[in-house]
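Notes follow the structure.
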Amino acid sequence: MARHTGAVCKLCRREGEKLFLKGDRCYTPKCAMERRPNPPGPVRRFRAKESDYGNQLREKQKARRTYGIFEKQFRIYFKKAQRMKGVTGTNLLVMLESRLDNVVYRLGFADSRAQARQLVRHGHFQVNGRKTNIPSFLVKPDDEIAVRDRSRGNSFFKERAQSLSDAKVPAWLSLDSNNLAGKVLLLPGREDIDLALNEQLIVEYYSR
């Protein structure tokens, strides 16, 4: 599985905003965006105005880095979104939100999408009673996601269970904190995706 191995805080600094790639640390003064909000590299006194292409590229990169997806896979998602009925940009975001690693993160089982991806890859979760270790697996309405029985005794999930009772999940998901399980009630709408992304710029980028 390909993954980013560099300093993720540089990705936030490059995009000029927090992408919340390191979980709780992003909410503390230790966050790199709090200490060094300037882009990585030599400090420039004056920043050139971004072109239309530059704005489109930055928006695409922001979405890619938020969900932890490399370019080839992201382009595949976009092509699928184009073939679906409805608005291409919204279709793209709905698919990204429907990834199993993102759902695990949204349910509060992990502090970040990267951590959720690792937990899924290590086989700690099941979908509809079947072990699923593919982070890109797309969930559907009525799918049930749960921590596997053999993983419930893990110290990580024991500690996680104590904090899940106060967890807030999106309206399109439901959480059973006592059983370390969640359910997909319906696919999210654009209003359910709380990310500051302009998906139309992504569509324009790939439509050049």
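Nothing in this text is a laboratory measurement; each read-out follows from the coordinates by a stated rule. Worth saying up front: this structure is predicted, and the values here are computed from it rather than measured. Methodologically, a virtual Cβ is constructed for each residue, glycine included, from the backbone with ideal geometry; neighbour enumeration extends over all protein chains shown.
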Taking the Cα-to-Cβ direction at Q73 and at N55 and moving 7 Å from each Cα, how far apart do the two end points lie in nm? 3.0 nm
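What trypsin sites (Lys or Arg not before Pro) in region 140-176 are in a loop by DSSP, with at most 14 other Cβ atoms within 10 Å of the Cβ?
R152, K168
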